[in-house]
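Undergrad: Got a structure here, written out as C-alpha cells. Questions coming.
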Amino acid sequence: MPVLNRIAEFAPELTEWRRHLHMHPETRFDCHQTAAFITERLLDIGVDAVHTGIAESGIVAIIEGQGEGPTIGLRADIDGLPITEETGLPYASSVPGKMHACGHDGHTTMLLGAARYLAETRNFSGRVALIFQPAEEWGGGAGVMVQEGVMERFDIAQVYGIHNVPGLPAGRFETCPGPLLAAVDTLTVTVTGRGGHGAHPEDAADPVAAIVAMVGALQTIVSRNRKGTDALVLSVTQIHTGSADNIIPESGWFCATVRTYDKAVQNMVEERCREIVTGIAKAMGVHAEIDFERGYPATVNHEAETEFALSVAQEVSGNTGICAPVMGAEDFAFMLERRPGAYLFLGQGEGASLHHPRYDFNDAIAPVGASFLARLVEQAQPRG
C-alpha cells in the first residue's frame, strides 16, 4: 500500500490522534470536546482559517493553495455511537455507554493527516475546505451543515468522502457511479382500538389483530407493487403492545425501516403504506395514526467524479474495484445532492463489523486514506 512519503513519516502521530479520539467519543451534535481537539490540531498544522460552531459542533477549515482556482471539499464524520465498548484495548472508550464503533475516529484522523500534508506542501491551486461533521449516525449533520450554507459560504465546487469497511482487504478502495447507498425512511403506525378481556374478544376492537394484519400486508408492497428491477427493502423492526395474556390492549404500535434508491419508488411505498394501513384499520374497527418520516436521501455518486476518484485511489493503493450498491444509508448524500462528488469505501481488513461493541479502526489504513485525500486535491486542482 504505497502512501505519500511525508504522510508515512508522521503515521505514528496519526495513530496517537486516532486513539485519543477513540478514548473520548461523543455522539450526535454534542461533539464539542472532539471539535476542540480537531481545532487544536488544525491550528498546529497551520491551516489558513478555522470556522467552528457549524451544525453546533461542526468545523470547516480552509487551506489556501498556490494560484487561483476552485474549492474542493473533503468531509469526515466525527461522532460516535451509544454502544458500550467490549474490546478491552488500552485505548478503549473512557465514556460509559459510548464508543467509536463505526470508525469515525479514523475518518477524522485521515482528514487531519491530509490537512497536515496539504498545509505543508500546498502543491495545488485554489483551496481545500476540510469539513468535520457531527451527527452522521443520528440527526443528519451533513444535511444541517448544508442547510446552514457551507457549500455556498465556502464556495465548494465538488466534495468527496470515504468510509472504512471491515472485511474488505486493507487498503482496497471500492465504489460505483450512481446510487451507492439507499435512502432511509421510517414508518411508525400507532393503532388504537378498544381494550377488553381476552376471553371476550367480541366486546373489544383488537389492535393486536390489526397490527398483525398490517405487518403481513405491508410485505406485499415489496412482492407485488414494485418492479423486479427496483431495489426496495421494507423491514418491520419493532412491535409494542399488551401487558398480560388475558387482556386485549387498548392500543399498540409498530415501526419499519424503508430503503430505496429511486424517489418514485420511495413515493410509491409511502402511498401504499398509507392505503394498506388505513384500509385494514377501517375493516377491523380500529384507528391508525401513520407517520412516514423521510430520512437520509440516497447517496448517489456523480459519474465523472467517481471515475476520477477511483483513478486517484488506484494510484495510491493499486487495489480498486467497482462494488454493487448496498442498502445502508449515509448522510453524505445531502452534500452530493448539492455538489458533484463521490463517496468511496476503504477496506480495513478482517475484524468486527461496524456498529459492533468489539469493532476497532485499523490504524494501518490511516496513511492510505490520508494519501488518497491529499492526492485527490493535488490532481483535481494542480498548480499552474
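The values are calculated or read from the model by the stated rules, or taken from the named source; none is laboratory data. Bear in mind the structure is a predicted one, so any value in this text is a computation, not a measurement. In this analysis, Cβ positions are derived from the backbone assuming ideal geometry, glycine residues included, and neighbour counts consider all displayed protein chains.
Undergrad: Taking residue 239, is it over 30 Å from residue 343 (Cα atoms), in a helix (DSSP H, G or I) and modelled with pLDDT of 95 or more?
TA: When the stated conditions are applied, residue 239 does not pass them.
Undergrad: Go through the range 36-46 and report how many residues are under 18 Å from residue 135 (Cα atoms) and surrounded by fewer than 22 Cβ atoms within 10 Å (Cβ to Cβ).
TA: Residues that pass the stated criteria total 3.
Undergrad: Of all residues in the range 184-231, which are crowded, with 21+ Cβ neighbours inside 10 Å and either in contact with a Ser or Thr (Cβ under 9 Å, 6 or more places away or on another chain) or of a type in the set (Ser, Thr, Tyr) (or both)?
TA: 184, 185, 187, 191, 193, 207, 211
Undergrad: For the subset of the range 291-310 comprising residues that are surrounded by fewer than 16 Cβ atoms within 10 Å (Cβ to Cβ) and touching a residue at least 60 places away in the same chain (Cβ under 8 Å), which member is nearest to residue 170 (Cα to Cα)?
TA: Per the stated criteria, the residue is 307.
Undergrad: Mind checking whether some residue in the range 334-350 is modelled with pLDDT of 95 or more and in contact with a Cys (Cβ under 7 Å, 6 or more places away or on another chain)?
TA: yes
Undergrad: Got a number for residues in the range 185-240 being touching a residue at least 12 places away in the same chain (Cβ under 8 Å) and either aliphatic (A, V, I, L, M) or touching a Pro at 6+ places or on another chain (Cβ under 8 Å) (or both)?
TA: Residues flagged as touching a residue at least 12 places away in the same chain (Cβ under 8 Å) and either aliphatic (A, V, I, L, M) or touching a Pro at 6+ places or on another chain (Cβ under 8 Å) (or both) within the range 185-240 amount to 27.
Undergrad: Does residue 329 satisfy the criteria of being without any contact (Cβ under 8 Å) to a residue 60 or more places away in the chain and either small (Gly, Ala, Ser) or surrounded by 21 or more Cβ atoms within 10 Å (Cβ to Cβ) (or both)?
TA: Details: without any contact (Cβ under 8 Å) to a residue 60 or more places away in the chain: no; either small (Gly, Ala, Ser) or surrounded by 21 or more Cβ atoms within 10 Å (Cβ to Cβ) (or both): yes.
So residue 329 fails the test.
Undergrad: Further, regarding this structure: If you take the residues of the range 242-271 that are aliphatic (A, V, I, L, M) and either in a strand (DSSP E or B) or on the phi > 0 side of the Ramachandran plot (or both), which of them is surrounded by the most Cβ atoms within 10 Å (Cβ to Cβ)?
TA: 258
Undergrad: If I go through the range 38-67 residue by residue, how many of them are out of contact with any strand residue (DSSP E or B) (no Cβ under 9 Å at 6 or more places or on another chain), at pLDDT 95 or above and farther than 20 Å from residue 142 by Cα?
TA: The number of residues fulfilling the criteria is 4.
Undergrad: Would you mention how many residues in the range 13-49 are under 30 Å from residue 315 (Cβ atoms) and touching a helix residue (DSSP H, G or I) at 6+ places or on another chain (Cβ under 9 Å)?
TA: Going through the range 13-49 one residue at a time, the tally reaches 16.
Undergrad: Given the condition hydroxyl-bearing (Ser, Thr, Tyr) and either over 19 Å from the mean Cα position of the chain (by Cα) or closer than 20 Å to residue 281 by Cα (or both), answer yes or no: does some residue in the range 190-205 qualify?
TA: Checked the range 190-205: at least one residue is hydroxyl-bearing (Ser, Thr, Tyr) and either over 19 Å from the mean Cα position of the chain (by Cα) or closer than 20 Å to residue 281 by Cα (or both).
Undergrad: Return the total of residues in the range 323-352 being closer than 29 Å to residue 4 by Cβ and not in a loop (DSSP other than H, G, I, E, B).
TA: 9
Each row is one residue, and each column tells you yes or no for (1) assigned to a loop (DSSP other than H, G, I, E, B); (2) modelled with pLDDT of 95 or more; (3) under 17 Å from the mean Cα position of the chain (by Cα).
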| site | (1), (2), (3) |
| --- | --- |
| 321 | no, yes, no |
| 354 | yes, yes, yes |
| 358 | yes, yes, no |
| 367 | no, yes, no |
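Undergrad: Are there any strands (runs of 3 or more DSSP E) wholly within the range 142-230 with 2 or more residues that are touching a Lys or Arg at 6+ places or on another chain (Cβ under 7 Å) and closer than 30 Å to residue 255 by Cβ, and if so which?
TA: 183-192
Undergrad: Could you tell me whether any residue of the range 132-139 is among the aromatic types (Phe, Trp, Tyr), buried (at least 22 other Cβ atoms within 10 Å of the Cβ), in contact with a strand residue (DSSP E or B) (Cβ under 7 Å, 6 or more places away or on another chain) and within 25 Å of residue 31 (Cα to Cα)?
TA: Yes, the conditions are met somewhere in the range 132-139.
Undergrad: While we're here: Considering only residues that are surrounded by 24 or more Cβ atoms within 10 Å (Cβ to Cβ) and touching a Gly at 6+ places or on another chain (Cβ under 9 Å), which ones fall in the range 366-384? Walk me through how you get there before you give the answer.
TA: Looking only at the range 366-384, we keep the residues that are surrounded by 24 or more Cβ atoms within 10 Å (Cβ to Cβ), and these are 366-374, 376-377.
Once the filter is applied, which keeps residues that are surrounded by 24 or more Cβ atoms within 10 Å (Cβ to Cβ) and touching a Gly at 6+ places or on another chain (Cβ under 9 Å), the range 366-384 yields 366, 367, 368, 369, 370, 371, 373, 374, 377.
Undergrad: Has the range 75-93 got at least one residue that is hydrophobic (A, V, I, L, M, F, W, C), buried (at least 18 other Cβ atoms within 10 Å of the Cβ) and closer than 23 Å to residue 147 by Cα? Talk me through it step by step, then tell me what you get.
TA: Filtering the range 75-93 down to residues hydrophobic (A, V, I, L, M, F, W, C) leaves 76, 78, 81, 83, 89, 92.
Those left that are additionally buried (at least 18 other Cβ atoms within 10 Å of the Cβ): 76, 78, 81, 83.
From what's left, closer than 23 Å to residue 147 by Cα: 76, 78.
Yes, that holds for at least one residue.
Undergrad: With 93, 125 as the choices, which residue is under 18 Å from residue 35 (Cα atoms), in a loop (DSSP other than H, G, I, E, B) and in contact with a Gly (Cβ under 9 Å, 6 or more places away or on another chain)? Working first, answer last.
TA: Working: 125 fails: under 18 Å from residue 35 (Cα atoms).
Only one candidate qualifies: 93.
Undergrad: Could you grab me the full set of residues in the range 47-57 that are in contact (Cβ under 8 Å) with a residue 24 or more places away in the chain, farther than 13 Å from residue 130 by Cα and surrounded by fewer than 22 Cβ atoms within 10 Å (Cβ to Cβ)?
TA: Within the range 47-57, just 56 meets the criteria.
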